[in-house]
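Working notes for the structure below.
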Amino acid sequence: MQPMTMRDERMNMPTGALTAFAIVSSDGIKLDAIVHRPDAPTGSVLLAHGFSADLHEEGAFDLLTERLVDTGIAVVRFSFRGHGKSEGAQTEMTITGERRDLIAAYEWMTENLPGPYGLLGASFGGVSTTLEHENLRPKPSFLALWNPALEIGHVFGSDLLDGARRTGYVQVNPNFRIGLPFIEEREYYHGNLGLHHLGGVPALIVHGTNDVQVPLASSIAAATVPHVDLVILHGASHGFHDPRWEEEAVRVTVDWVKHHLTENGNIPAAERIPHQMAQPGKPGTDDLGWTEYRPYRPVSRTDD
């Protein structure tokens, strides 16, 4: 038996007033979900996990939820169809289905929790959040993305299609297989989703330099869009699996989310002032280090 890790110990950890329930997507698929309600929430955030994960996002969403609830923000998280305890087969997963699931979860959040509202998508969870956030009502106040799969063709190469046509599916890792419908559908999504869909609301992208699954270059390109902040974590891999990087990604994200859930949060990009956060280290060393592409600073006001 493997020794328990920090991530293992946080699995199913209750934070705030926790309730497990089911969200029903528009085509009848039941989605496993959890809501965390602090006393008197000041806003609410929906978390969308990545490919082959679930509502825990390998423990990273447990820590993020804990920190958000500690600041008074309610959190809803769910498992996409074919993932975790949600209904649906893995091989029937599609981008269209995940967009349906995200819409259903967002509608539940806005009907049951107070605003303002925000979204966070991790890895492939960044696909549905990026594509749908413009259409959601009420409109979310912000969108945060962790190592998002903005260029789907670069994440899943064309060679998968031949294999799926022979067997009906492709085994992408020991625990997950994708079917032909998903592989065929991704051909309709071209270019960088961030360049086409970001800019309508403030957005944060957090990405590591050692990510070999999702190209950092796609996030750098997306950060040229107005109102998009990019934080590059030097040395971090995909999913921030090192506890040090998980902690740093959560810290940066919570700080940014708190800023954008305040009445002074939506600051035009041209007015943002460089914000000097404490750096644990310098890029290129064994210590932690990060770079802000388009920095911001929380604005504090005092009564005259």
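Every number here is computed from the coordinates shown, using simple stated rules; none is lab data. Bear in mind that the values here come from a model prediction, so they are computed numbers and not experimental data. Because the Cβ atoms are built from the backbone with ideal geometry, glycine has one as well, and the counts that use them run over all protein chains shown.
When each of 132, 92 is scored by the number of other beta-carbon atoms lying within 10 Å, the sequence from fewest to most is 92, 132. Shown is the FRET efficiency for residue 22 and residue 220, computed with R0 = 35 Å from the Cβ-Cβ distance and rounded to the nearest 0.05: 0.35.
Net length available on complete extension from residue 89 to residue 184 is 32.5 nm, with 0.36 nm assigned per residue and the Cα-Cα distance removed. For region 187-255, what log10 I(q)/I(0) values come out of the Debye formula at q = 0.25, 0.27 1/Å, with one point per alpha carbon and no solvent? Taking Cα atoms of region 187-255 as identical point scatterers yields -1.11, -1.18.
Test of the criteria: in region 168-264, which GluC sites (Glu not before Pro) are in a DSSP loop and have at most 11 other Cβ atoms within 10 angstrom of their Cβ?
Within region 168-264, the qualifying GluC sites (Glu not before Pro) (loop, at most 11 other Cβ atoms within 10 Å) are 263.
Near residue 141, the amide H atoms lying under 5 Å from its own belong to 117, 118; only residues 5 or more places off or on other chains count, and H is placed 1.01 Å from N.
When +1 charges are put on Lys and Arg Cβ atoms and -1 charges on Asp and Glu Cβ atoms, the dipole computed for region 14-292 relative to its Cα centre reaches about 320 debye. Any idea how far apart residue 196 and residue 237 come out in nm if each label point goes 7 Å out from Cα toward Cβ? Distance between label points: 3.2 nm. Beta-bridge orientation, region 14-292: approximately 40 percent antiparallel, per DSSP, counting only bridges with both partners inside. With the simple model of a label 7 Å out from the Cα in the direction of the Cβ, residue 40 to residue 165 spans 6.2 nm.
For region 14-292, the C-alpha radius of gyration divided by 2.2 N^0.38 Å, with N the number of residues, is 0.96.
Exposure proxy for 146, 256: other Cβ atoms within 10 Å of each Cβ, ordered fewest to most, give 256, 146.
Take the convex hull of the alpha carbons in region 35-189; its mean projected area over all directions comes to 8.8 nm².
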